[in-house]
Amino acid sequence: MSSANSFAKYWKLYQFMPHKSELHPACVEDLTFRILTGNLQPDFPTIAQFRRRHLQALGELLVESVRLAQEAGLVKGRDVAIDGTKIQANASKHRAMSYGRLAEELERLEQEITEYLRTLEATDQVEDAAHGRMADGRSVPEALADAQRRRATIQAAKARLEAEAQARAEAVHAERVARAEAAGKPAPPPPEEPPQPDPKAQSNFTDPDSRIMRNADKAFIQGYNAQVAVDTETQIILAADCTNQAADAPHLLPLLDQVMANLGRAPQGVLADAGYCSDAHLEALETRGIDALIPPEKVRHRAWRTVRAPRGRIPRHLSRKDRMRRKLQTRAGRRRYRRRMTSVEPVFGLLKSVQRCRQFLFRGLARVRAEWRWHCAVHNLQKILRYGKGRWRRRGPVPCVA
């Protein structure tokens, strides 16, 4: 068996790891898989238990794949494109309920249970008077049991939203205290009344960590916001994260911190869409010495054909956003920003279409984050394999893959 075929079989093991229906027959029928597994033939529950038990370790393979790609010369580190996509959670949006609706439903269930117990008491008195008392009265009626279970579920969801509101209020108060201490002013007192959640705040019964978000098709889904930072020249994913925050802006600096931690250095430039632009982000990137290209508003590439490139010196009175607009109007800026669309968007297409990551298999933010990083690591391994196979045909085996 040639080295190229061995590499292909090795990649196939990683590619189909999330899909146990194809991995199990391969461990039985494919000779290469039987060699890799030591002639072990795990069944479906064993594969699922292995994935569940080692999910966090599989997610950390992303860091190893980035370093492997860096050793192979696939990480240029000049420009990094950052973007996010919405991926459906392992839950239905119809199983979510707002805080205001939770209070109404809880009140309705309380009345229903009270009325049902009153009816049972009246019925028991009538039947006891007619037939005498029965010895067994410990069984709970099915209708009452369902109402009690639903009440407990709604109470738990209501408590989660109240705990989240309390945590946000404490974080805001701590930030105000820190600002007051830095300015030499007395600390503001904490709020007297406990904070109440927004009546429109949602909580899902199946996956409480997921949120209702709007995807690229303008449709509302129950899902998560998956973020990646991609090398614009090789499409290697340098950093990845997954949160339940629908907005993209809060993820820019944490992703850059991941890139610096994985590569050991900061990239030369950052490309991102208008969802990541803010004065604070532009100032932070300027402080770090990173050449950012983030438009303040949505850019239509067709409209650039009629825009004339500015000439002359940059006026000093321009704000950071105005400077960014001027920079995007230059030919070099337009040519450089087009690379964002041709680098990070194809990565999302490969992850969703080829690796079938359109809906997460796990529930909970920690597990979903590990699953997303695992998919990103598989994507990097595919890039390294294709690069290694090409070099193997031209120059012989590649040390980083062999």
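Worth a mention:
- Test: residue 322 is more than 23 Å from the chain's Cα centre (by Cα) and in the same structural domain as residue 72 (by TED's automatic domain parsing): yes
- Candidate set from segment 236-252 (those that are part of a helix (DSSP H, G or I) and touching a helix residue (DSSP H, G or I) at 6+ places or on another chain (Cβ under 6 Å)); member that is surrounded by the fewest Cβ atoms within 10 Å (Cβ to Cβ): 249
- Scan of segment 169-187 for residues that are in contact (Cβ under 8 Å) with a residue 12 or more places away in the chain and either of a type in the set (Gly, Ala, Ser) or exposed (fewer than 12 other Cβ atoms within 10 Å of the Cβ) (or both), ordered by number: 169
- Considering residues of segment 58-87 that are among the small types (Gly, Ala, Ser) and in contact with a Phe, Trp or Tyr (Cβ under 8 Å, 6 or more places away or on another chain) only, the residue modelled with the lowest pLDDT: 59
- One residue stands out in segment 291-325 among those that are buried (at least 17 other Cβ atoms within 10 Å of the Cβ) and part of a loop (DSSP other than H, G, I, E, B): the one that is modelled with the lowest pLDDT, namely 299.
- Filtered residues of segment 71-102 (kept if surrounded by 20 or more Cβ atoms within 10 Å (Cβ to Cβ), under 20 Å from the mean Cα position of the chain (by Cα) and part of a loop (DSSP other than H, G, I, E, B)): 89, 91
- Take the conditions (1) in the same structural domain as residue 63 (by TED's automatic domain parsing); (2) at pLDDT below 90; residue 402 misses just one of them, which is (1).
- Criterion (under 30 Å from residue 80 (Cβ atoms) and not in a strand (DSSP E or B)) met by exactly one of 233, 193: 233
- Condition check for residue 392 on (1) at pLDDT 85 or above; (2) on the phi < 0 side of the Ramachandran plot: one failure, at (1).
- Pick from segment 196-235, criterion surrounded by 20 or more Cβ atoms within 10 Å (Cβ to Cβ) and among the small types (Gly, Ala, Ser), ranking: modelled with the lowest pLDDT: 203
- Some residue of segment 342-358 being in a helix (DSSP H, G or I), in contact with a Pro (Cβ under 7 Å, 6 or more places away or on another chain) and surrounded by 13 or more Cβ atoms within 10 Å (Cβ to Cβ): no
- Filter result for residue 147 (out of contact with any Phe, Trp or Tyr (no Cβ under 8 Å at 6 or more places or on another chain), at pLDDT below 90 and assigned to a helix (DSSP H, G or I)): no
- Residue count for segment 228-246 under the criterion of being touching a strand residue (DSSP E or B) at 6+ places or on another chain (Cβ under 8 Å) and either within 16 Å of residue 79 (Cα to Cα) or among the hydrophobic types (A, V, I, L, M, F, W, C) (or both): the result is 13.
- Among the residues of segment 325-358, those that are more than 30 Å from residue 383 (Cα to Cα) and more than 32 Å from the chain's Cα centre (by Cα) comprise 326, 329, 330, 331.
- Checking each residue in segment 41-90 for being farther than 30 Å from residue 247 by Cβ and of a type in the set (Lys, Arg) picks out 51, 52, 53, 67.
- Residue in segment 297-305 that is of a type in the set (Lys, Arg), touching an Asp or Glu at 6+ places or on another chain (Cβ under 9 Å) and either without any contact (Cβ under 8 Å) to a residue 60 or more places away in the chain or not assigned by TED's automatic domain parsing to the domain that holds residue 229 (or both) present: yes
- Filtering 195, 250, 190 for residues that are touching a residue at least 24 places away in the same chain (Cβ under 8 Å) and under 30 Å from residue 101 (Cα atoms) leaves a single hit, 195.
The values are calculated or read from the model by the stated rules, or taken from the named source; none is laboratory data. Just so it is clear, the structure is predicted and the values come from calculations on it, not from any experiment. Backbone-built Cβ (ideal geometry, glycine too); neighbour counts: all protein chains shown.
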